[in-house]
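Novice: First the structure, then my questions, so here it is.
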Amino acid sequence: MVKKDRAYKQVEEAYENIPQPEVNFNFVPTDVTSFNFGDKYVPTREGTNFCYKYAEGNIINDFKDYIDSTYSQHYKTDEESVECFDAWIALGDSTPTFRNTAIKYLWRYGKKNGNNKADLMKTLHYVMMCLYVDHYKGKQ
């Protein structure tokens, strides 16, 4: 029991020495529908007034920019704008395909071109497609 108590004390002491970020919980913006994080303008849901602690607003903006850029890059038919995603969805088994492709990009993260942002963005894109098929499709 003495060893366990000593281990808990060591963990507590180590935790106390970790620098904690300063967060101003009293911050109230003048426009509660948006925040400005550095050079990024981050829209939030109506009526909320919070700050992201881990740059989630910037990440969401970067992800949106990435998604927007992919629309000019997708393989699609010229006459009908049908994309590969549409074919997978029409086949009725798109969720495993999207999930497995997300795993592929996450698996190679750090192995091809180092810890590159593109692999993580691709992973998020395929995870988002799982969300679309399983939770949003037909509800728009």
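Novice: Between residues in the range 121-136 that are within 15 Å of residue 109 (Cα to Cα) and residues that are of a type in the set (Ser, Thr, Tyr) and surrounded by 15 or more Cβ atoms within 10 Å (Cβ to Cβ), which pairs lie under 6 Å by C-beta distance while being six or more apart or on different chains?
Specialist: Once the first residue is within 15 Å of residue 109 (Cα to Cα) and sits in the range 121-136, its partners that are of a type in the set (Ser, Thr, Tyr) and surrounded by 15 or more Cβ atoms within 10 Å (Cβ to Cβ) give 121/66; 122/105; 123/105; 126/101.
Novice: What tally of residues in the range 44-69 results from selecting those that are at pLDDT 85 or above and out of contact with any strand residue (DSSP E or B) (no Cβ under 9 Å at 6 or more places or on another chain)?
Specialist: 9
Novice: Of all residues in the range 80-94, how many are free of Cβ contacts under 8 Å to residues at least 24 places away in the same chain and either in contact with a His (Cβ under 8 Å, 6 or more places away or on another chain) or over 17 Å from residue 135 (Cα atoms) (or both)?
Specialist: 7
The values are calculated or read from the model by the stated rules, or taken from the named source; none is laboratory data. Since we're looking at a predicted model, the values are computed, not measured. Quick reminder, even Gly has a Cβ in these numbers, built from the backbone with ideal geometry, and neighbours come from all protein chains shown.
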